[in-house]
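This report concerns only the one structure given below.
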Amino acid sequence: FDLAKALGDGKLAMGDPDHVPAGIYGKQALEKLGVWPKVEPKVARAKDVRAALVLVERSEAPLGVVYATDAAISKKVKVIGVFPADSHPPIVYPVALVKDRATPVAKNLLEFLKSPEAKKIFEKYGFSVQK
């Protein structure tokens with residue numbers, strides 16, 4: 001797939017690959033797929049993944065690299081491709097109690113986040129839950 005050609009004169013919206021996690025993962029995937037050198041000059045470096053999504057929603061960029069969970073909540077974009085899982089490191093959001101800050105409220109939140117109810121909510125929004 002010739003991504004640079006598909007962009008034409010347009011830009012590829014993505015989080016800044018030097019600073020934003022989604023941009024870092026996106027760059028890694030594009031490098032692994034061998035298209036980064038051709039695409040890099042066309043990258044519109046956004047301050048975060050949501051800003052990249054907005055550029056595509058407003059048709060200011062024809063294509064963007066965003067998390068599937070962000071694309072799923074937008075009524076204005078369509079997912080046209082997904083990076084292979086082995087093209088970037090796994091995207092993980094860990095949770096833990098901070099030492100000396102394990103208040104009853106924090107403990108209750110952590111227990112909720114590990115509950116079947118929370119798992120259903122995460123999955124509803126496109127996240128997978130691992131233990």
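The values are calculated or read from the model by the stated rules, or taken from the named source; none is laboratory data. Quick caveat: nothing in here was measured; it's all calculated off a predicted structure. Methodologically, a virtual Cβ is constructed for each residue, glycine included, from the backbone with ideal geometry; neighbour enumeration extends over all protein chains shown. Quick note on the areas: whole protein, heavy atoms, side chains included, nothing else; ligands and nucleic acids left out. Shrake-Rupley method; radii C 1.70, N 1.55, O 1.52, S 1.80 Å.
Annotations
- Candidate aspartates and glutamates - alpha carbon under 16 Å from K38, same-chain residues fewer than 8 apart omitted: D2, D9
- Placing R0 at 30 angstrom, the Cβ-Cβ distance between F122 and D18 gives a FRET efficiency of 0.55 after rounding to 0.05.
- Residue by residue, the stretch 9-24 carries 3J(HN,Hα) couplings of 8, x, 9, 9, 6, 7, x, 3, x, 8, 9, 9, x, 4, x, 5 Hz when phi is fed to the Karplus relation 6.51 cos²θ - 1.76 cosθ + 1.60 (θ = phi - 60°); x denotes Gly or Pro.
- Computed [θ] at 222 nm, deg cm²/dmol, the chain (DSSP H ≥ 4; -39,500 (n - 2.57); rounded to nearest 500): -11000 deg cm²/dmol
- Only the Cβ atoms of Lys and Arg (+1) and of Asp and Glu (-1) were treated as charged; on that basis the dipole of the chain about its Cα centre amounts to roughly 320 debye.
- Accessible surface, the chain, averaged per residue in Å² (probe 1.4 Å): 72 Å²
- Length-normalised contact order of the chain in % [C-alpha pairs under 8 Å, at least 6 apart]: 23 percent
- Lys, Arg +1 and Asp, Glu -1 on Cβ, resulting dipole of the stretch 61-103 about Cα centre, debye, nearest 20: 220 debye
- I91 versus K42: modelled label distance in nm, points set 7 Å from Cα along the beta carbon direction: 2.1 nm
- With θ taken as phi - 60° and the Karplus curve 6.51 cos²θ - 1.76 cosθ + 1.60 applied, the whole-hertz 3J(HN,Hα) list for the stretch 70-85 is 6, 4, 5, 8, 9, 8, 9, 10, 10, 6, 10, x, 9, 5, x, 4 Hz, x standing for glycine and proline.
- Stretchable slack from E111 to K32, in nm (0.36 nm times residue separation minus alpha-carbon distance): 24.6 nm
- Amide hydrogen neighbours beyond the local backbone of A61, cut-off 5 Å, H modeled: V56
- Amide H contacts of H88 (H built 1.01 Å from N, in plane; Pro and chain starts excluded): no residue 5 or more places away or on another chain comes under 5 Å.
- Matching the structure-derived Rg and Dmax of the Cα atoms in Å against the labelled list (1) 13.8, 44; (2) 17.4, 55; (3) 20.3, 63 gives the label (2).
- Taking 12 Å as the straight-line reach from the Cα of K27, the aspartates and glutamates in range (excluding those fewer than 8 positions away in the same chain) are D16, D18, E40.
- Net charge in the neighbourhood of P89 (other residues with Cβ under 15 Å of its Cβ; Lys, Arg +1, Asp, Glu -1) is 0.
- Ranking G126, V92, P104 by how far each Cα lies toward the positive end of the dipole of the stretch 83-131 (charges on Cβ) leaves P104 at the top.
- Under 5 Å, built H, 5+ apart or other chain: amide partners of L12: V43, A44
- Stokes-Einstein D in µm²/s, Kirkwood radius over Cα pairs - the stretch 77-131 at 25 °C with 0.890 mPa s viscosity: 178 µm²/s
- HN-Hα J in Hz across the stretch 44-57 - Karplus 6.51, -1.76, 1.60, θ = phi - 60°, x for Gly and Pro: 9, 7, 9, 5, 6, 5, 5, 5, 5, 4, 4, 4, 6, 4
- Around A71: net Lys/Arg minus Asp/Glu count, Cβ-Cβ under 14 Å: +2
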